[in-house]
């Protein structure tokens, strides 16, 4: 099984196992068996070069694929690789804007981000304390509180619907001096 990366101008230089498998197929006339086309390469030129060479290959995820299908899927894989790169770049920029020190590992960087999230969660819980307390005073169970929060349009931490687990985590965040 080959797990090397094929990024870059000369993918075969960085993937000696693949290069060896292709050479063996070329010498013996065998077909190269790959799990998925996009794992072979996310580069149309590389796939086209493989198709032009004397080495046949079969992708297990689409064994009946003809040359046209392979070209289309290779183009899609290349497009998806570019989109992944764009999404990663955007996510890193957003993290940097939040104050995350990119490339820095260790407790200091993690601690700062964890503390920020904990402060946000504590604040969210404190803002809901009175509402939850009033529901409990009215005799509602936790499940009924979840139903009531969803029915009245109160959104959970990230803007979605409430679940029992989310409510229990919010209650656990409340100081012990705030009986629920």
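The values are calculated or read from the model by the stated rules, or taken from the named source; none is laboratory data. On a predicted model such as this, the values are computed, not experimentally measured, just so you know. Here the Cβ positions follow ideal geometry from the backbone for every residue, glycine too, while neighbour counts run over all protein chains shown.
Some points to look at:
- Residue count, region 154-172 (criterion: at pLDDT 90 or above and within 15 Å of residue 127 (Cβ to Cβ)): 9
- Output for region 149-171, where each listed residue is surrounded by fewer than 16 Cβ atoms within 10 Å (Cβ to Cβ) and part of a helix (DSSP H, G or I): 150, 151, 164, 165, 168, 169
- Total residues in region 130-148, condition outside any helix (DSSP H, G or I) and surrounded by 10 or more Cβ atoms within 10 Å (Cβ to Cβ): 3
- Checked against (1) over 27 Å from the mean Cα position of the chain (by Cα); (2) modelled with pLDDT under 90, residue 37 passes all but a single condition, namely (1).
- Counting the residues of region 44-64 that are over 23 Å from residue 19 (Cβ atoms) and in contact with a helix residue (DSSP H, G or I) (Cβ under 9 Å, 6 or more places away or on another chain) gives 1.
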